[in-house]
Amino acid sequence: MTPEASDFTISHDAKVIDALRQLNELSGHGNTVFALDEAGRVVGSISDGDLRRSLISGHTLDTRLTEVMHRDFRSIHIGDTLTDVKELLARRITLLPELNADGTLARVLDLNNYRAILPVDAVLMAGGRGERLRPLTLTTPKPLLAVGDRAIIDYNIALMARYGIRNISVTTNYLASQIERHFSEPVCGIDVKCVREPRRLGTAGSLTLVKEWANDVVLLMNSDLLTTIDLGEMYRCHISSKADMTMATIPYVVSVPYAIIRSRHNRVTGLEEKPTYNYLANAGIYMLNRRMIELIPEGEFFDAPDLMLKAIAQGLKVSHYAINGLWLDIGSPHDFAQAQELMKQHSLMNF
């Protein structure tokens, strides 16, 4: 059974022996408990190593935890950003308390399960008909098609969970009731909210239907992607560039198998033998400041590229972030077969 946050707390007036017993009960789930004062605020941390060192230094099993706990423990508050957890793990900090504004405990994060903690809301677009994948999508919406041992969309929920994103909405239209049933139970420990479009509103139009926001940055993403994108790095790029909207991109190479002429009017000025052109293509993943949603007309079909072009026209800053990792858009039977083969050969999506 997965421990609750309260399982990691203990009164600061408790004794060393009490903390030892509690850590023994948590064996396999963590090696730290957090001391609470009379108001329920976290005031210290105690690890099993702290307790061993206290006994070696002369403290007894009856010593109060106020004498041995760390008061300068590492914590974050709700809404804080932790773009990379590797530094903390290197210092053997595996459990991190997330605190409410008043210092009380909201939850305990096992950093082994995270790559970052991002103050980001997410919206997954799952309303498409998946027509190129028929007949598979005649009775099953494309996001629920199984790749390996889980639905396509669940890989993306797992990816977001690894980056501490918990306020996730899924916009639905085609076969919406199936997706709603799928998310009637938590996925990766997250209660995913479904928002049904009254009609197709495009890849950005449905953002106007989401009413519950917790953060000022929104991740908008196609639900039929398989990707190992580093969302922490994309967030850093979005914030450091002071962008209003950041588009994830993938390299797209066009190789021409013929010699291409250069000309002026009808006069040949040169020849390029079998040239290769490199482009950056839209990956269907965006980060945008929440105020950008105000640019989207309500009730109208409006795609994410439309939002990007409208932002540029109004002088807002649109940046791009190049994905370094796996990206696969499952849009055709060939793509679907490729995704299945990837799952057989690799554990790339083992979040």
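The values are calculated or read from the model by the stated rules, or taken from the named source; none is laboratory data. These figures come from a predicted structure and were not determined experimentally. Cβ placement follows ideal geometry from the backbone for every residue including glycine, while neighbour counts extend to all protein chains displayed.
Points worth noting:
- Output for region 123-145, where each listed residue is under 17 Å from SER206 (Cα atoms) and without any contact (Cβ under 8 Å) to a residue 60 or more places away in the chain: ARG129
- The set of residues in region 276-310 that are of a type in the set (Ser, Thr, Tyr) and at pLDDT 90 or above contains only TYR286.
- When region 85-103 is filtered for residues that are surrounded by 15 or more Cβ atoms within 10 Å (Cβ to Cβ) and over 16 Å from THR32 (Cβ atoms), only GLY103 remains.
- Some residue of region 49-72 being touching a residue at least 12 places away in the same chain (Cβ under 8 Å) and closer than 13 Å to LEU95 by Cα: no
- Qualifying residue in region 201-214 (condition: part of a strand (DSSP E or B), closer than 15 Å to LEU288 by Cα and not small (Gly, Ala, Ser)): no
- Complete set of residues in region 44-75 that are hydrophobic (A, V, I, L, M, F, W, C) and either assigned by TED's automatic domain parsing to the domain that holds VAL217 or surrounded by 17 or more Cβ atoms within 10 Å (Cβ to Cβ) (or both): ILE46, LEU51, LEU65, VAL68, MET69, PHE73
- Any chance LEU133 is surrounded by 14 or more Cβ atoms within 10 Å (Cβ to Cβ) and within 30 Å of TYR174 (Cβ to Cβ): yes
- Where VAL256 falls short, out of the listed (1) free of Cβ contacts under 8 Å to residues at least 60 places away in the same chain; (2) within 30 Å of LYS211 (Cβ to Cβ); (3) surrounded by 11 or more Cβ atoms within 10 Å (Cβ to Cβ): (2)
- Check on ASP154, among the acidic types (Asp, Glu) and farther than 30 Å from ARG71 by Cα: yes
- Qualifying residues in region 109-130 (those that are within 23 Å of ILE239 (Cβ to Cβ) and charged (D, E, K, R)) - the one surrounded by the fewest Cβ atoms within 10 Å (Cβ to Cβ): ARG115
- Selection of region 218-244 for residues being part of a strand (DSSP E or B) and closer than 18 Å to THR171 by Cβ yields VAL218, LEU219, LEU220, MET221, ASN222, LEU225.
- When residues of region 110-130 are limited to those that are in a loop (DSSP other than H, G, I, E, B) and aliphatic (A, V, I, L, M), the one modelled with the lowest pLDDT: ALA116
- Check on LEU136, assigned to a loop (DSSP other than H, G, I, E, B) and within 30 Å of HIS334 (Cα to Cα): yes
- Residue that is out of contact with any Cys (no Cβ under 6 Å at 6 or more places or on another chain), at pLDDT 90 or above and not polar (S, T, N, Q), where the choices are LEU201, LEU133, LEU138, LEU159: LEU159
- Residues in region 252-275 that are in a strand (DSSP E or B) and either of a type in the set (Ser, Thr, Tyr) or modelled with pLDDT of 90 or more (or both): TYR252, SER255, SER263, THR269.
- Candidate set from region 225-253 (those that are within 25 Å of ALA161 (Cα to Cα) and free of Cβ contacts under 8 Å to residues at least 40 places away in the same chain); member that is surrounded by the fewest Cβ atoms within 10 Å (Cβ to Cβ): SER240
- LEU328 in contact (Cβ under 8 Å) with a residue 60 or more places away in the chain, more than 19 Å from GLY232 (Cα to Cα) and either part of a loop (DSSP other than H, G, I, E, B) or of a type in the set (A, V, I, L, M) (or both): yes
- Matching residues in region 87-122 - criterion: being of a type outside the set (S, T, N, Q) and free of Cβ contacts under 8 Å to residues at least 24 places away in the same chain: GLU87, LEU88, LEU89, ALA90, ARG91, ARG92, ILE93, LEU96, GLU98
- When ILE10 is tested against (1) within 21 Å of ASN100 (Cα to Cα); (2) free of Cβ contacts under 8 Å to residues at least 40 places away in the same chain, just one condition goes unmet, and that condition is (2).
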